[in-house]
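Remarks on the structure that follows.
Laboratory data are not the source of any read-out in this text; all were calculated from the coordinates shown. Quick caveat: nothing in here was measured; it's all calculated off a predicted structure. Reconstructed Cβ throughout: ideal geometry from the backbone, glycine too, with neighbour counts over all protein chains shown.
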Amino acid sequence: MSPESQTFERPADRSDGSAGDADYGRIGAGYTTYRQPDPEIAAAVRAALGNARTLLNVGAGAGSYEPVDLDVVAVEPSAQMRAQRPAGLVEAIDATAEDLPFPDGAFDAAMASFTVHQWSDLNAGLAEVRRVTTGPVVVLTGEPTLLQRFWLYDYAPEVIDTEARRYPPSETIAAGLGGGKVELLPIPLHCTDGFGEAYYGRPERLLDPGARKANSAWSFVAPEVHERFETDLGRDLADGTWDKKYGHLRTQPHFEGSLVMIVSPVS
């Protein structure tokens, strides 16, 4: 499936309503244990939203990066993810990006974090977000051409290749929103949002099956890939091979990987 024309059928047999290619009813339990909004990334998102007062969070999941100082409406099709939203956040509406139940220009701004690769029709979803938003649209995602920067490619190339097939190119997202700027976001060493590259300097963390489960790409690879990864990385950590090649990352303050923020300013 080409990311540029990303479309797929919304599965009808998922009891929790997951709309994308990943089944969060199966893999979403415990998500918030590993995926907490990182302060540096949150600050970048908030700054990009500018002086908006009303905000739509599309594919809102458990609420990462929702500013608490704005009037937020969140939409999320997965019941598993809606149930994990903290008590201080608004209750999310069961809806999808491709069919937003709001009038034109209903919101000052919109955001979408780590979700556009899950949308069943990318262009339709982006058009809908732009339709209901008069000001900035901020998208956090991964740039597929940069994924191989991460050391994980040495150990589980299947996972990286899976992500590369799923992530739409940043330029495609910007174009679907009517234009925008793409900014590379450096990932902090102790990033609290446990997407794969968040552990660039803490490789031991990815030996935890729960940490991998909180990254949907791992749900698409065979159990043998998990087993080989654990064996190979565990061995290389024990005998110093990983540190010989990548040990400098343990103290490197930031890593420029695939994390990007796309900001489409106005409709």
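Odds and ends about this structure:
- Overall form of region 183-238 per C-alpha gyration tensor (a/c, 1.5; a/b vs b/c): oblate
- Modelled spin-label separation between residue 148 and residue 190, with each label point placed 7 Å from Cα along the Cα-to-Cβ direction: 3.4 nm.
- Most mobile of 181, 245, 213 in a GNM of the chain (Cα contacts under 10 Å): 245
- Shown here is the pair-distance distribution of region 56-173: with all Cα-Cα distances grouped in 10 Å bins from zero up to the longest one, the shares run 13, 41, 31, 13, 1 percent.
- Residue 110 long-range amide H proximity, modeled H, under 5 Å: 56, 137, 138
- Its DSSP H runs of at least 4 residues, each contributing -39,500 (n - 2.57), put the calculated 222 nm mean residue ellipticity of the chain at -8000 deg cm²/dmol, to the nearest 500.
- Convex hull (Cα only) mean projected area of region 141-250, reported in nm² to one decimal: 7.1 nm²
- For the pair region 87-149 / region 200-217, the C-alpha centres are spaced 26 Å from each other.
- If you plug the beta carbon distance of residue 238 and residue 36 into 1/(1 + (r/R0)^6) with R0 = 22 Å, you get a FRET efficiency near 0.15.
- Most mobile listed residue (224, 76, 197) in the chain, GNM with C-alpha springs under 10 Å: 224
- Averaging 1/r across all pairs of distinct Cα atoms in region 3-264 and inverting the result yields a Kirkwood radius of 18.7 Å.
- Of the residues 179, 135, 88, the one that moves most in a GNM of the chain with alpha-carbon contacts below 10 Å is 88.
- Relative contact order computed over the chain (Cα-Cα under 8 Å; 6+ residues apart), in percent: 23 percent
- Cα shape, region 205-267, gyration tensor, a/c 1.5 rule: oblate
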